[in-house]
Amino acid sequence: MANIMNSLYNMRLLDDLSRQETVIHKLHPLIKLLTTVSYLTVVVSFGRYEIGGLLSLFLYPVMVFTLGELPVKPIFLRILLVSPFIIGIGILNPFFDHQIYLLGGIEISRGWVTFLAILIKSGLTVTAALLLIATTGMDRLAGALRMMKIPRIFVLQLLLTYRYISVLMEEVARTLRAYSLRAPRQKGVHRSAWGSLAGQLILRTFDRAQRIYEAMCLRGFTGEYHTGGFKEIRVWDLSYFIGWVFFFAVARMYNIPMLIGSLITGVIR
Amino acid sequence: MSHHKLEVKDLHYSYPDGHKAVKGMSFCIHHGESVGIIGANGAGKSTLLMLLMGVLFPSQGEVCVGDVHVTKKTLPMIRQSLGMVFQDPDDQLFMNTVYDDVAFGPRNYKLDEKEVEKRVLNALELVGILHLKDRAPFKLSGGEKRAAAIASVLSMQPDILIMDEPTAALDPKSRRKVMELLTSFKHTKVITSHDLDMIFEMCDRTIVIKNGEIAADGVTSEILVNAELMDACGLEIPLALQNCPVCGITKV
């Protein structure tokens, strides 16, 4: 139970972080969203064996972390949360792809290379998404999504889900507490109660959804979600976006680490 | 001002399962009045509020706000002049910050962002939680949540405030604060509650509901001391008027 309540309070860390006033935080939300989307596209577009090219893309999260003055540890922990899924997806690669790959004279199976590529790619994409929320906040992000003409129903769904996760978790915590108090010496919930517990929760969810919708209607809600005005996109915002897109494009076309490497080795010679 | 009047004429409502929740209620609440609506659980208080707000529509009879009938067409107008504070603030605070929540109503009425800001800050100041404007609603205490919920309604500048159990689940000090806050408003107020002491202090007029019908409607100080009536309606006279448990002095 304590775990659920703790994660509840930790969950809003990203929101708290998004209220800082750094260079990155002050950027226009739409610009940050577009930059993140282009970053994700570039990261995903790399082939299975192109680890070298991916390395230069580490620059983006590092820059955002630094300029946005974000704490590394809590965000890193959140990335670890998704790692079991990623490992689950990639772990079979080394067993199926047995071709040999030469890395600085050492022979390794190509499966391990693809596994590593998956790890890096997912690490980078998840980090980028988390950084976007931590520097923009859910509300402004929703506003930016609306500016991109994403249908309002999806945006609203996203926002309300985000808001009510906490209420649902409180409800779950309360139900579980009530259960555990009357079911001593049991680990977790016995399977005979799973159905009714989940059923109760879903019924309560319906009830609450109905009441929230009524509360929204009473305050003039007609289906459109208004986030309030945004500031104009400034030249600085645009140059931030263009700068990064240029860098992503270069990083995609040229293997920057290799170029730097050969440059250095060339100089040494 | 006639447009602050709230009139209910021969109101009937049945739920889809056939349960008759409201059976022929009629009353008129005038500008500036503070009216308490009391009754046992299941007497029909919440249904009545839903009918007043146009969340439900009566099967017979009508609700008029000012001279306007509550119908689907007039709802946007009606809801601007009626503000309702829900019993559970968590139902009412659905945005990610208190500021956005209070701004939700004004923004829906497409007010200019400057005007929205003015109204939000004003409402937050009025309920005394201006310092909480950037906090997430779920991190607030019960009393703070209640205040935020009230602010979210005040920002729409309603003429009539309708409140469902405004003091429920509050500690004594927070309860007192909410009561002082509500007393300071000049709006027409309709309050449903089981907190009869609060009704006794805050409302000049009380309507008692029993099984979907009006059992009594009159001056609070006369109705709430009527032990026989209270008992018949599943209620009790306010605790403050009951015999003192220490010295045993009879008050009424």
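General observations
- Considering only alpha-carbon pairs that sit under 8 angstrom and 6 or more positions apart, the relative contact order computed for chain A is 33 percent.
- Taking the charge dipole of segment B:2-241 about its Cα centre, with +1 at Lys and Arg Cβ atoms and -1 at Asp and Glu Cβ atoms, the residue from B:Ile191, B:Leu181, B:Ile78 reaching farthest to the positive side is B:Ile78.
- Result for chain B in a Gaussian network model with C-alpha springs under 10 Å: among B:Val219, B:Val85, B:Val178, the largest mean-square fluctuation is at B:Val219.
- Taking the Cα atoms of chain A, the ratio Rg/Rh between the radius of gyration and the Kirkwood radius comes to 1.05.
- Mean partner shielding of peptide B:55-61, defined as the number of other chain Cβ atoms within 10 Å of each residue Cβ, is 1.
- Within 10 Å of the Cβ of each residue in B:104-112, the mean number of Cβ atoms contributed by other protein chains is 5.
- Rg then Dmax, both in Å and based on the Cα atoms of the protein assembly as shown: 29.7, 106.
- When +1 charges are put on Lys and Arg Cβ atoms and -1 charges on Asp and Glu Cβ atoms, the dipole computed for the protein assembly as shown relative to its Cα centre reaches about 1720 debye.
- Two-decimal Rg/Rh across segment B:110-186, once Rg and the Kirkwood Rh are taken from alpha-carbon atoms: 0.96
- Proximal lysines relative to B:Lys9, as straight alpha-carbon distance under 17 Å, when same-chain residues fewer than 8 apart are discounted: B:Lys20, B:Lys23, B:Lys45
- Hydrophobic, long helices, defined as DSSP H runs whose alpha-carbon span along the helix axis is 20 Å or greater and whose mean Kyte-Doolittle value is at least -1.0, occur in chain B at B:113-127.
- Calculated [θ] (222 nm, deg cm²/dmol) that DSSP helices of n ≥ 4 give over chain B, each run adding -39,500 (n - 2.57): -10000 deg cm²/dmol
- Chain B - charge dipole about Cα centre, Lys and Arg +1 at Cβ, Asp and Glu -1, debye rounded to 20: 440 debye
- Note on segment A:151-231: the alpha carbon radius of gyration divided by the globular reference 2.2 N^0.38 Å gives 1.48.
- Mean partner shielding of peptide A:203-214, defined as the number of other chain Cβ atoms within 10 Å of each residue Cβ, is 3.
- Exposure proxy ranking for B:Val68, B:Val190, B:Val120, based on other Cβ atoms within 10 angstrom of each Cβ and starting from the fewest, stands as B:Val68, B:Val190, B:Val120.
- For B:Glu228, B:Glu115, order by how many other beta-carbon atoms lie within 10 Å, fewest first: B:Glu228, B:Glu115
- For segment A:48-114: rounded, prolate or oblate by the Cα gyration tensor [a/c cutoff 1.5]: oblate
- Ignoring lysines fewer than eight residues from A:Lys26 along the same chain, the ones with Cα atoms less than 26 angstrom from its Cα are A:Lys73, A:Lys149, A:Lys231, B:Lys110, B:Lys114, B:Lys118, B:Lys133, B:Lys139.
- Percent RCO, i.e. relative contact order, over chain B, from Cα pairs under 8 Å lying at least 6 residues apart: 24 percent
- Counting neighbouring Cβ atoms within 10 Å and putting the fewest first, the residues A:Val267, B:Val153, B:Val55, A:Val23 line up as A:Val267, A:Val23, B:Val55, B:Val153.
- Computed from Cα positions, the angle between helix A:110-136 and the longest principal axis of chain A comes to roughly 60 degrees.
- For chain A, the longest principal axis of the C-alpha atoms and the axis of helix A:29-45 are separated by about 60°.
- Highest mobility in the GNM of chain A, judged by mean-square fluctuation with C-alpha springs under 10 Å and restricted to A:Thr205, A:Thr127, A:Thr35, is found for A:Thr205.
- Size of electric dipole in segment A:135-256: Cβ of Lys, Arg +1 and of Asp, Glu -1, about Cα centre, debye, nearest 20: 500 debye
- Projecting the Cα atoms of A:Ile100, A:Ala117, A:Leu67 onto the charge dipole of segment A:44-122 (Cβ charges, centred on the Cα centre) puts A:Leu67 farthest toward the positive pole.
- Most fluctuating residue given options A:Ala251, A:Ala183, A:Ala134, as computed from a GNM of chain A linking Cα atoms under 10 Å: A:Ala183
- Taking the Cα atoms of segment A:181-266, the ratio Rg/Rh between the radius of gyration and the Kirkwood radius comes to 1.38.
- Sequence-ordered 3J(HN,Hα) estimates for segment A:190-206 from the Karplus curve with 6.51, -1.76 and 1.60 and θ = phi - 60° stand at 5, 5, 5, 9, 4, x, 5, 5, 5, x, 4, 4, 5, 5, 5, 4, 4 Hz, glycine and proline given as x.
- Fraction of antiparallel bridges per DSSP, the protein assembly as shown only, in percent to nearest 5: 55 percent
- Global geometry of segment B:2-241, whether rounded, prolate or oblate, following the gyration tensor of its Cα atoms and the 1.5 cut on a/c: oblate
Values quoted throughout were computed directly from the atomic coordinates according to the rules given, and no laboratory measurement underlies them. Keep in mind the model is a prediction, meaning the values are calculated, not measured. Every residue, glycine as well, gets a Cβ built from its backbone with ideal geometry; the counts of neighbours run over all protein chains shown.
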